[in-house]
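To keep things clear, I will list the structure first and then write my remarks on it.
The values are calculated or read from the model by the stated rules, or taken from the named source; none is laboratory data. Quantities reported herein were computed from a predicted structural model and do not represent experimental measurements. As a convention, Cβ positions derive from the backbone with ideal geometry for all residues, glycine included, and neighbour counts pool all protein chains shown. Just so you know, the surface numbers come from the protein's heavy atoms only, side chains and all, with ligands and any DNA or RNA stripped out. Shrake-Rupley method; radii C 1.70, N 1.55, O 1.52, S 1.80 Å.
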Amino acid sequence: SQTIHQWPATLVQPVGSPLSLECTVEGTSNPNLYWYRQAAGRGLQLLFYSVGIGQISSEVPQNLSASRPQDRQFILSSKKLLLSDSGFYLCAWSVLSGSNQPQHFGDGTRLSIL
Amino acid sequence: AQSVAQPEDQVNVAEGNPLTVKCTYSVSGNPYLFWYVQYPNRGLQFLLKYITGDNLVKGSYGFEAEFNKSQTSFHLKKPSALVSDSALYFCAVRALNTGGFKTIFGAGTRLFVKA
């Protein structure tokens, strides 16, 4: 069966520090991968999605970036965090070719910026 | 433009009573519709989806949803609510003409089930 892992579960970082959040998927090949941010336990904001290694699409211009160095690895990064980067970050995957298939989410990273 | 509306921020229901969480959508083309549930400090979990066929779809944990094309709605229902159903519920839509890589989520509806 397929599983998705995100780490760390929680993170407290000072303003201006770098960030690296990692997400890996097991049990499937060539997935679509997504990074979302959820503010205040409400709606989801799509940040990045990827359809293959090295292919990243950005939905929202900001100081975050994403990379996909391997087929089932998706990394969210920042060189300098802002206070506004606080939130709950969720990684998700879906089957590449099936637009009628659901997304499957990891358990998220809660990021607090001090 | 595609959109999904969940008109209620919060729904309160007594345990054992039926529950409905509302969702309406706006897309061009035929939609694929989804419901997800989120428990505190967890990711979203897929509950059910409508692709085609029977307008009433059944999903996990006794939930079902009714697709109504004329009203562009996809309301989530359960005949008898449990306290453990208390969570945040998201409706989502994908439409064929937008490609296969993006999903539009509603803002979420918080469900409280009282014992």
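Just one of the numbered conditions (1) within 25 Å of A:G106 (Cβ to Cβ); (2) away from chain A (no Cβ under 14 Å); (3) more than 13 Å from the chain's Cα centre (by Cα) is not true of B:P18; which one?
The failed condition is (1).
Quick check on A:N30: is it within 26 Å of B:L88 (Cβ to Cβ), outside any strand (DSSP E or B) and either touching a residue at least 60 places away in the same chain (Cβ under 8 Å) or at the interface with chain B (Cβ under 8 Å from one of its Cβ atoms) (or both)? Break it down into steps so the answer makes sense when it comes.
Working: within 26 Å of B:L88 (Cβ to Cβ): no; outside any strand (DSSP E or B): yes; either touching a residue at least 60 places away in the same chain (Cβ under 8 Å) or at the interface with chain B (Cβ under 8 Å from one of its Cβ atoms) (or both): yes.
No.
Output yes when any residue across segment A:19-36 is within 15 Å of B:G43 (Cβ to Cβ), of a type outside the set (D, E), under 15 Å from the mean Cα position of the chain (by Cα) and open to solvent by 40 Å² or more (accessible area, probe 1.4 Å), and no when none is.
There is no residue in segment A:19-36 that is within 15 Å of B:G43 (Cβ to Cβ), of a type outside the set (D, E), under 15 Å from the mean Cα position of the chain (by Cα) and open to solvent by 40 Å² or more (accessible area, probe 1.4 Å).
Residues in segment B:81-91: is at least one in a loop (DSSP other than H, G, I, E, B), in contact with a strand residue (DSSP E or B) (Cβ under 9 Å, 6 or more places away or on another chain) and farther than 17 Å from B:Q10 by Cα? Steps first, answer last, please.
In the first step, residues of segment B:81-91 are kept if they are in a loop (DSSP other than H, G, I, E, B); the result is B:81-82, B:86.
With in contact with a strand residue (DSSP E or B) (Cβ under 9 Å, 6 or more places away or on another chain) added as a condition, the list becomes B:81-82, B:86.
Still in the list and also farther than 17 Å from B:Q10 by Cα: none.
The answer is no, given that none of the residues of segment B:81-91 is in a loop (DSSP other than H, G, I, E, B), in contact with a strand residue (DSSP E or B) (Cβ under 9 Å, 6 or more places away or on another chain) and farther than 17 Å from B:Q10 by Cα.
Name the pairs: first residue in segment A:57-77 and within 20 Å of A:V25 (Cβ to Cβ), second residue open to solvent by 50 Å² or more (accessible area, probe 1.4 Å) and hydrophobic (A, V, I, L, M, F, W, C), Cβ to Cβ under 7 Å, at least 6 apart or on different chains?
The qualifying pairs are A:A66/A:I56; A:S67/A:I56; A:R68/A:I53; A:R68/A:I56; A:Q70/A:I53; A:D71/A:I53.
Quick check: is even one residue across segment A:98-112 assigned to a loop (DSSP other than H, G, I, E, B), more than 11 Å from every other protein chain (Cβ to nearest Cβ) and hydrophobic (A, V, I, L, M, F, W, C)? If you could, list the steps in order and put the result at the bottom.
At the first step, the residues of segment A:98-112 found to be assigned to a loop (DSSP other than H, G, I, E, B) are A:98-103, A:106-108.
Adding the requirement that they be more than 11 Å from every other protein chain (Cβ to nearest Cβ) leaves none.
Within segment A:98-112, none of the residues are assigned to a loop (DSSP other than H, G, I, E, B), more than 11 Å from every other protein chain (Cβ to nearest Cβ) and hydrophobic (A, V, I, L, M, F, W, C).
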